[in-house]
Amino acid sequence: MRPGDERGAVAVIVALLMVPLVGFVALAVDVSAAYATRVQLQNGADAAALAVAADCLDGACDSSAATARTFASANFPKGTPTTTITAQTASSVTVQNSAVQSYLFAPVLGIRSATVSAKGTATWNGPTSGTALPVAINLCEYRYFTGGSAPSGTTSRTMRQSTTSASSCPEASGQGGYTYLKVNSTACRTTTAVGAEIQAESGDSEPSSCSLFSFDSVINTTILLPVFSSARRHGNTYYLRVYGYAAFRLTGYYLGSGRSYNASCNGNDRCLRGYFTSSPERSTAFTYGSGAPQLGAGSVTLSD
């Protein structure tokens, strides 16, 4: 080799630099791939947690593990992740989603793969107080129509003020199915709270501050109605104890004297028509908290 010829030295330097160069490539490519995998796992964990929370809100926590796996896999296009429920309480669930990420360049550094994981936590709770139409539902009647569990169907029901004969529910506040409540001031609304008593209106007519517009404005929408579990009488006044809140989709009514819409009763009868359903969206007219009975009117949210 002639003096000054550095070809061999350059080759040695290039060879020495190849290892850190491949390391930088591994950082750029493999770490990016792992991050993309983690994003997909996070999406799956969040979807799984929300699905389990929605089931638990409807009183169906028994299939939590299967529900979590189904939704986690549906949101992970690279295959089937390992999905486990790491924590579950009466109002929250945490789902962990993991998968093995194989590397392309990192094996040069002795790293062939790594386990990537993500966690998602969702909570569910029910309304504890709020303001709504001055109508309360008998808990006995609610259980008769729904079988006692939070409903999610669209079976039309006719809820009468008088007790539905087939339910054998005891009369309360003079009414068995539903009753009107004392309103707030001049508005056709009543504020109630779980565990508190609320005064019932006497008679079978809606409060004077209510009009057909009060009912027409919520036709074919889901409204939250207080469910009362017991009643006590003081003189000629009934006081109802609020048990929880039900989600009811109002599709019709008959309030007497021809005041009706898509009615399923008439004459001296009074009725509301619609169906009990599940409504996981939060209502701005209500506050939510843990411990409230799950009657379909709950809220499901992701936690940080």
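The values are calculated or read from the model by the stated rules, or taken from the named source; none is laboratory data. A quick note: this is a predicted structure, and the numbers were derived from the prediction, not measured. All Cβ positions, glycine included, derive from the backbone under ideal geometry; neighbour counts span all protein chains shown.
For the stretch 93-110, filtering for residues that are touching a strand residue (DSSP E or B) at 6+ places or on another chain (Cβ under 7 Å) and either at pLDDT 90 or above or not in a strand (DSSP E or B) (or both) leaves 9.
Hey, does the stretch 257-272 have a residue that's closer than 21 Å to A187 by Cβ and not in a strand (DSSP E or B)? Looking for residues that are closer than 21 Å to A187 by Cβ and not in a strand (DSSP E or B), one finds at least one in the stretch 257-272, hence yes. Within the stretch 77-92, the set of residues being under 25 Å from D30 (Cα atoms) and either assigned to a loop (DSSP other than H, G, I, E, B) or in contact with a Pro (Cβ under 9 Å, 6 or more places away or on another chain) (or both) comprises P77, K78, G79, T80, P81.
Within the stretch 219-241, the set of residues being aliphatic (A, V, I, L, M) and surrounded by fewer than 17 Cβ atoms within 10 Å (Cβ to Cβ) comprises just one member, I219.
What's the number of the condition F213 fails, among (1) surrounded by 12 or more Cβ atoms within 10 Å (Cβ to Cβ); (2) part of a helix (DSSP H, G or I)? Every condition holds for F213 apart from (1).
Being charged (D, E, K, R) and either modelled with pLDDT of 90 or more or assigned by TED's automatic domain parsing to the domain that holds A54 (or both) is a description that applies to R249. Considering only the stretch 45-55, I want to know if a residue exists there that is farther than 30 Å from I219 by Cβ, aliphatic (A, V, I, L, M), at pLDDT 85 or above and touching a Pro at 6+ places or on another chain (Cβ under 8 Å). Taking every residue of the stretch 45-55 in turn, none turns out to be farther than 30 Å from I219 by Cβ, aliphatic (A, V, I, L, M), at pLDDT 85 or above and touching a Pro at 6+ places or on another chain (Cβ under 8 Å).
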